[in-house]
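Participant: Attaching a single structure in C-alpha coordinates format; questions to follow.
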Amino acid sequence: MSRFRSLWQASVNATKKALTWELEEWVPPVEKCIFKFNSKEDLKTWHLYSDSEYGGLSSASLELKDGGNGSDCIGVFSGNLSTDMSEGSKWNINRSGFCGMRSKKFDGFIDLEGYDSIALRLRGDGRCYISTIYTENWVNSPGQAEDNSWQAFVFAPKGNWYTAKVPLTRYLPTWKGNVIDAEMEMNPGRVVGMSLSVNAQGGGFIGAKSGAGDFRVEIDWIKAVRMP
(Lines give C-alpha, C1' and ligand atoms only; values in the text may rest on other atoms or scores of the structure.)
Protein backbone atom coordinates (compact mmCIF):
# COMPACT_ATOMS: atom_id res chain seq x y z
CA MET A 1 0.00 0.00 0.00
CA SER A 2 1.40 3.38 -0.99
CA ARG A 3 2.11 6.04 1.62
CA PHE A 4 -0.67 8.22 0.19
CA ARG A 5 -3.18 5.38 0.38
CA SER A 6 -2.11 4.58 3.95
CA LEU A 7 -2.68 8.19 5.03
CA TRP A 8 -6.03 8.27 3.24
CA GLN A 9 -7.17 5.04 4.93
CA ALA A 10 -6.06 6.32 8.35
CA SER A 11 -8.05 9.51 7.79
CA VAL A 12 -11.17 7.53 6.81
CA ASN A 13 -10.87 5.30 9.89
CA ALA A 14 -10.46 8.31 12.18
CA THR A 15 -13.54 9.97 10.65
CA LYS A 16 -15.62 6.81 11.13
CA LYS A 17 -14.53 6.54 14.77
CA ALA A 18 -15.38 10.20 15.43
CA LEU A 19 -18.82 9.80 13.86
CA THR A 20 -19.43 6.69 15.97
CA TRP A 21 -18.50 8.55 19.16
CA GLU A 22 -20.80 11.44 18.26
CA LEU A 23 -23.66 9.03 17.52
CA GLU A 24 -23.17 7.24 20.85
CA GLU A 25 -23.19 10.56 22.69
CA TRP A 26 -26.35 11.65 20.88
CA VAL A 27 -28.29 8.41 21.42
CA PRO A 28 -28.60 7.58 25.14
CA PRO A 29 -28.42 4.01 26.46
CA VAL A 30 -31.58 1.92 26.19
CA GLU A 31 -32.16 2.33 29.94
CA LYS A 32 -30.97 4.63 32.71
CA CYS A 33 -31.16 3.59 36.36
CA ILE A 34 -32.59 6.41 38.47
CA PHE A 35 -33.12 4.64 41.80
CA LYS A 36 -32.17 1.28 43.25
CA PHE A 37 -32.98 -0.17 46.67
CA ASN A 38 -29.96 -2.32 47.46
CA SER A 39 -28.61 -0.64 50.62
CA LYS A 40 -29.45 1.58 53.57
CA GLU A 41 -27.71 4.42 51.72
CA ASP A 42 -30.23 4.00 48.89
CA LEU A 43 -33.11 4.35 51.37
CA LYS A 44 -31.65 7.61 52.70
CA THR A 45 -32.49 9.11 49.32
CA TRP A 46 -36.19 9.04 50.32
CA HIS A 47 -38.42 10.57 52.96
CA LEU A 48 -41.94 9.50 53.95
CA TYR A 49 -45.12 11.54 54.22
CA SER A 50 -48.75 10.81 55.04
CA ASP A 51 -52.01 12.40 56.11
CA SER A 52 -50.72 12.19 59.71
CA GLU A 53 -49.03 15.53 59.03
CA TYR A 54 -52.55 17.02 58.81
CA GLY A 55 -54.31 15.14 61.58
CA GLY A 56 -54.88 11.86 59.73
CA LEU A 57 -54.13 8.42 61.12
CA SER A 58 -52.36 6.74 58.21
CA SER A 59 -48.80 5.48 58.66
CA ALA A 60 -45.98 4.29 56.41
CA SER A 61 -42.48 2.83 56.51
CA LEU A 62 -39.68 2.17 54.03
CA GLU A 63 -37.42 -0.74 54.90
CA LEU A 64 -34.74 -2.93 53.37
CA LYS A 65 -35.38 -6.63 52.74
CA ASP A 66 -33.12 -9.44 51.58
CA GLY A 67 -34.04 -10.31 48.01
CA GLY A 68 -33.39 -14.01 48.64
CA ASN A 69 -31.54 -16.61 46.56
CA GLY A 70 -28.36 -14.54 46.73
CA SER A 71 -29.93 -11.56 44.97
CA ASP A 72 -29.59 -7.92 46.01
CA CYS A 73 -31.75 -6.35 48.68
CA ILE A 74 -35.04 -4.65 47.83
CA GLY A 75 -37.04 -1.80 49.31
CA VAL A 76 -40.40 -2.39 51.01
CA PHE A 77 -42.87 0.51 51.16
CA SER A 78 -45.70 -0.48 53.49
CA GLY A 79 -48.13 0.82 56.07
CA ASN A 80 -51.78 1.38 56.84
CA LEU A 81 -54.30 3.68 55.20
CA SER A 82 -56.91 5.21 57.48
CA THR A 83 -59.73 7.51 56.43
CA ASP A 84 -60.25 8.68 60.02
CA MET A 85 -58.98 11.92 61.57
CA SER A 86 -57.54 12.38 65.04
CA GLU A 87 -59.90 14.00 67.53
CA GLY A 88 -59.47 17.72 67.89
CA SER A 89 -57.42 18.07 64.71
CA LYS A 90 -56.97 21.72 63.73
CA TRP A 91 -56.59 20.77 60.08
CA ASN A 92 -59.52 20.81 57.69
CA ILE A 93 -58.50 18.59 54.79
CA ASN A 94 -60.81 17.29 52.07
CA ARG A 95 -59.73 13.68 52.43
CA SER A 96 -57.38 11.49 54.42
CA GLY A 97 -56.08 8.01 53.70
CA PHE A 98 -52.82 8.62 51.84
CA CYS A 99 -49.12 7.83 52.24
CA GLY A 100 -46.10 8.40 50.05
CA MET A 101 -42.35 8.22 49.67
CA ARG A 102 -40.62 11.11 47.95
CA SER A 103 -37.01 11.34 46.87
CA LYS A 104 -34.81 14.11 48.11
CA LYS A 105 -34.10 16.75 45.49
CA PHE A 106 -31.42 15.81 43.04
CA ASP A 107 -28.17 17.73 43.11
CA GLY A 108 -29.06 19.63 39.96
CA PHE A 109 -31.29 17.92 37.43
CA ILE A 110 -31.74 14.47 35.95
CA ASP A 111 -31.95 14.66 32.17
CA LEU A 112 -34.45 12.17 30.75
CA GLU A 113 -34.40 13.55 27.21
CA GLY A 114 -34.21 10.65 24.80
CA TYR A 115 -36.30 8.36 27.02
CA ASP A 116 -40.01 7.79 26.64
CA SER A 117 -41.05 5.73 29.67
CA ILE A 118 -40.50 5.16 33.38
CA ALA A 119 -40.09 1.51 34.39
CA LEU A 120 -40.62 0.23 37.95
CA ARG A 121 -39.90 -3.35 39.00
CA LEU A 122 -42.50 -4.11 41.66
CA ARG A 123 -44.15 -6.85 43.63
CA GLY A 124 -47.34 -5.48 45.09
CA ASP A 125 -50.61 -6.13 46.84
CA GLY A 126 -53.11 -5.51 44.06
CA ARG A 127 -53.40 -1.80 44.80
CA CYS A 128 -52.91 1.01 42.34
CA TYR A 129 -50.06 3.39 43.22
CA ILE A 130 -49.28 6.87 41.93
CA SER A 131 -45.93 7.61 40.30
CA THR A 132 -45.00 11.29 40.37
CA ILE A 133 -42.26 13.09 38.47
CA TYR A 134 -41.24 16.52 39.75
CA THR A 135 -39.76 18.97 37.28
CA GLU A 136 -38.41 22.48 37.48
CA ASN A 137 -41.22 24.98 37.99
CA TRP A 138 -42.44 26.64 34.81
CA VAL A 139 -46.13 25.66 34.79
CA ASN A 140 -46.98 27.31 38.11
CA SER A 141 -46.95 31.06 38.63
CA PRO A 142 -43.45 32.61 38.69
CA GLY A 143 -42.10 32.91 42.20
CA GLN A 144 -43.90 29.87 43.60
CA ALA A 145 -41.53 27.54 45.41
CA GLU A 146 -43.30 24.31 44.43
CA ASP A 147 -41.95 22.03 41.73
CA ASN A 148 -44.24 21.03 38.90
CA SER A 149 -45.71 17.58 39.48
CA TRP A 150 -46.76 15.06 36.83
CA GLN A 151 -48.64 11.96 37.90
CA ALA A 152 -49.62 8.58 36.47
CA PHE A 153 -51.19 5.44 37.94
CA VAL A 154 -49.10 2.30 38.37
CA PHE A 155 -50.79 -1.03 39.06
CA ALA A 156 -48.84 -3.35 41.39
CA PRO A 157 -50.22 -6.90 40.93
CA LYS A 158 -50.19 -9.21 43.91
CA GLY A 159 -47.83 -12.17 43.75
CA ASN A 160 -45.02 -12.28 41.21
CA TRP A 161 -42.53 -9.57 40.30
CA TYR A 162 -43.82 -7.22 37.62
CA THR A 163 -42.14 -4.49 35.56
CA ALA A 164 -44.55 -1.62 35.05
CA LYS A 165 -43.67 0.65 32.11
CA VAL A 166 -45.40 4.02 32.09
CA PRO A 167 -44.98 6.26 29.01
CA LEU A 168 -44.00 9.82 29.91
CA THR A 169 -46.96 10.97 27.81
CA ARG A 170 -49.27 9.33 30.36
CA TYR A 171 -48.04 11.61 33.17
CA LEU A 172 -50.54 14.44 33.65
CA PRO A 173 -49.79 17.86 35.21
CA THR A 174 -51.27 18.11 38.70
CA TRP A 175 -51.67 20.69 41.45
CA LYS A 176 -52.17 19.43 45.03
CA GLY A 177 -53.27 16.06 43.72
CA ASN A 178 -55.74 17.39 41.17
CA VAL A 179 -55.18 17.23 37.40
CA ILE A 180 -54.68 20.64 35.78
CA ASP A 181 -57.24 21.05 33.00
CA ALA A 182 -54.89 22.48 30.40
CA GLU A 183 -52.66 21.34 27.55
CA MET A 184 -49.17 21.20 29.06
CA GLU A 185 -46.03 19.31 28.17
CA MET A 186 -43.44 17.99 30.59
CA ASN A 187 -39.81 19.06 30.25
CA PRO A 188 -38.01 15.70 30.81
CA GLY A 189 -34.63 17.40 30.73
CA ARG A 190 -35.23 19.14 34.08
CA VAL A 191 -36.37 16.40 36.49
CA VAL A 192 -35.71 17.28 40.14
CA GLY A 193 -37.23 14.29 41.94
CA MET A 194 -39.82 11.52 42.05
CA SER A 195 -42.30 9.94 44.43
CA LEU A 196 -44.50 6.88 44.83
CA SER A 197 -47.74 7.19 46.79
CA VAL A 198 -50.97 5.35 47.53
CA ASN A 199 -54.41 6.44 48.69
CA ALA A 200 -57.50 4.69 49.99
CA GLN A 201 -59.65 5.92 47.12
CA GLY A 202 -57.73 3.78 44.65
CA GLY A 203 -58.58 4.38 40.99
CA GLY A 204 -56.64 4.08 37.79
CA PHE A 205 -57.19 0.38 37.05
CA ILE A 206 -60.41 -1.62 37.09
CA GLY A 207 -60.33 -4.30 39.76
CA ALA A 208 -57.48 -2.74 41.74
CA LYS A 209 -57.76 -3.04 45.52
CA SER A 210 -58.98 0.12 47.26
CA GLY A 211 -60.21 1.30 50.63
CA ALA A 212 -58.68 1.66 54.07
CA GLY A 213 -56.32 -1.00 55.39
CA ASP A 214 -52.79 -2.27 54.98
CA PHE A 215 -50.68 -1.71 51.86
CA ARG A 216 -47.35 -3.15 50.80
CA VAL A 217 -45.23 -2.92 47.67
CA GLU A 218 -41.70 -4.23 47.16
CA ILE A 219 -39.46 -2.18 44.86
CA ASP A 220 -36.32 -3.37 43.12
CA TRP A 221 -35.50 -0.35 40.94
CA ILE A 222 -36.85 2.62 39.00
CA LYS A 223 -35.42 3.33 35.55
CA ALA A 224 -35.93 5.51 32.50
CA VAL A 225 -36.22 3.41 29.35
CA ARG A 226 -36.52 3.79 25.59
CA MET A 227 -39.22 1.55 24.20
CA PRO A 228 -38.34 -0.23 20.92
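Participant: Just give me a number: lysine pairs in segment 99-228, eight or more positions apart or cross-chain, with C-alpha atoms less than 28 Å apart.
Facilitator: Within segment 99-228, the lysine pair count is 14.
Participant: Would you check the accessible area of T45, probe 1.4 Å, heavy atoms only, in square angstrom rounded to 10?
Facilitator: Its heavy atoms expose roughly 50 Å² to the probe.
Participant: Here's a follow-up. Would you list M227, M101 from the most to the least accessible area, probe 1.4 Å? Kindly include the intermediate steps, with their values, before the conclusion.
Facilitator: Values: M227 90, M101 0 Å².
Sorted descending by solvent-accessible area, the residues read M227, M101.
Participant: Let me check against my output: what whole-number percent is the relative contact order of segment 143-198, with C-alpha pairs under 8 Å and at least 6 apart?
Facilitator: Numbers: 31 pairs, mean separation 17.4, N = 56.
Once normalised by length, the contact order is 31 percent.
Participant: Just to confirm the filter: which trypsin sites (Lys or Arg not before Pro) across segment 118-197 are DSSP coil and have at most 14 other Cβ within 10 angstrom of their Cβ?
Facilitator: Those that pass, being in a loop and sparsely packed, are K176.
Participant: Ok, one more. Measuring from label point to label point, each 7 Å out along Cα→Cβ, what is the R170 to D214 span in nm?
Facilitator: So the two model labels end up 2.8 nm from each other.
The values are calculated or read from the model by the stated rules, or taken from the named source; none is laboratory data. Note that the structure is predicted; figures quoted are calculated from it, not measured. Using ideal geometry, Cβ is built from the backbone for each residue, glycine included, and neighbour counts are taken over all protein chains shown. Accessible surface areas use protein heavy atoms only, side chains included; no ligands, DNA or RNA. Shrake-Rupley method; radii C 1.70, N 1.55, O 1.52, S 1.80 Å.
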